[in-house]
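A.B. asks: First the structure, which I've put down as structure tokens, then a few questions once you've had a look.
The numbers here are math on the coordinates, done by the rules we state, and not lab data. Model, not experiment: these values are computed from the prediction. Positions of Cβ are generated from backbone atoms using ideal geometry, with glycine treated the same way; all protein chains shown enter the neighbour counts.
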Amino acid sequence: MSSLFAFLRKAFSLGFTLLFILSGAFSSSSSVTKGAIVPERELAYPFSDGAAFCQGITTDGTFFYGTGCMKYLNYNAIVKINAETGEIVKINDMCLPADVVEKGYAHLGDCAYHDGKIYAACETFFFKNPAIMVFDAETLDFIEYHVLPDEGRGNGHIPWVCVKDGTVYYTQAREVDEVRMLRLDDFTFSGSVRMDKTVTKITGGDVLNGKLYLSSNDGASEKITYAVDLETGETTEAFVRDMGNVFTETEGLSITEGEGGTVFHYLDVAIVSKAVIRTYVLRA
């Protein structure tokens, strides 16, 4: 079954890839129009590969891990990519077990790496019991899942998760006015932070130095990254990236810190054409 869906993914997306390449629809490049991040690197993949990680991105510093889905085909996948070479080294097509799919889980969102595991947001087809799926980062095998507690479900959407210092952070996708939190050790609800403005179409998030950065797919070609102070709830526009056309969606976001400084990794998807991992360095 996995090989069948891998074939369908490639067959479906290769046709659209050729169509949009011939039309030149995605020839424009991205640029930063606001904020102190500088483009450093891009890794681009045709949608025949990118469909398997078109929803989320995270990294352990050595590998990128991506999550993808085709909701109406019940297709969900997780991918492992060599962060230096860009080579896709492992794909787990149809990564959700049959009994989990039977419960209605149909859409993996953005993901987070922590301590050898990948945590991925997951919605049901009708947004009833949002959950967090857990995978082994080495093998990409499914381990377990945790349904969000009642007080933390909101409207049933969970587009992304971030794991930091024993806490799982997440929001809903639209009309976002609070950040919700779970305890990592038992996935019980630990509270929320009320934001001082409402934002929408949130697709990814990660925490850095007491601030939660949220990538938004709202707007036309310009995509905003918001910064939320996790103590006060103050919400500001941190960065704006111009995708160069209106057909590109921004999806996952992951932040890393190292000798080269603070780096923001975004996953951008030119609709049924290609997936691009874009890396930006935060200026001091």
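A.B. asks: Show me 271-282, 111-122 ranked by packing, highest mean number of other Cβ atoms within 10 Å first.
C.D. replies: Going by the mean number of other Cβ atoms within 10 Å, highest first, we get 111-122, 271-282.
A.B. asks: With each pseudo-label sitting 7 Å past Cα toward Cβ, what's the residue 150-residue 33 distance in nm, one decimal?
C.D. replies: 4.6 nm
A.B. asks: Kindly rank 219-228, 132-141 from highest to lowest mean number of other beta carbons found within 10 Å of each residue.
C.D. replies: Packing proxy ranking, top to bottom: 219-228, 132-141.
A.B. asks: Right, something else. Among 44-57, 81-94, 154-167, 234-247, what's the highest-first ranking by average C-beta atoms within 10 angstrom per residue?
C.D. replies: So the order, starting with the most tightly packed, is 44-57, 154-167, 234-247, 81-94.
A.B. asks: Can you pull out the GluC sites (Glu not before Pro) in segment 239-284 whose DSSP state is coil and whose Cβ has at most 15 other Cβ atoms within 10 Å?
C.D. replies: Working: sites: 249, 251, 257, 259; in loops: 259.
Sparse-neighbourhood loop GluC sites (Glu not before Pro): 259.
A.B. asks: Let me ask something else. Using only alpha carbons, build the gyration tensor for segment 2-282 and give me the equivalent ellipsoid semi-axes, biggest first, whole Å.
C.D. replies: They are 25, 24, 18 Å, listed largest first.
A.B. asks: Two decimals is fine: what's Rg over Rh for segment 23-127, C-alpha atoms, Kirkwood radius as Rh?
C.D. replies: Taking Rh as the inverse mean 1/r over Cα pairs, Rg/Rh reads 1.02.
A.B. asks: Taking a ≥ b ≥ c as the square roots of the Cα gyration tensor eigenvalues, with a/c under 1.5 meaning rounded and otherwise prolate when a/b beats b/c, else oblate, which class fits segment 120-265?
C.D. replies: rounded
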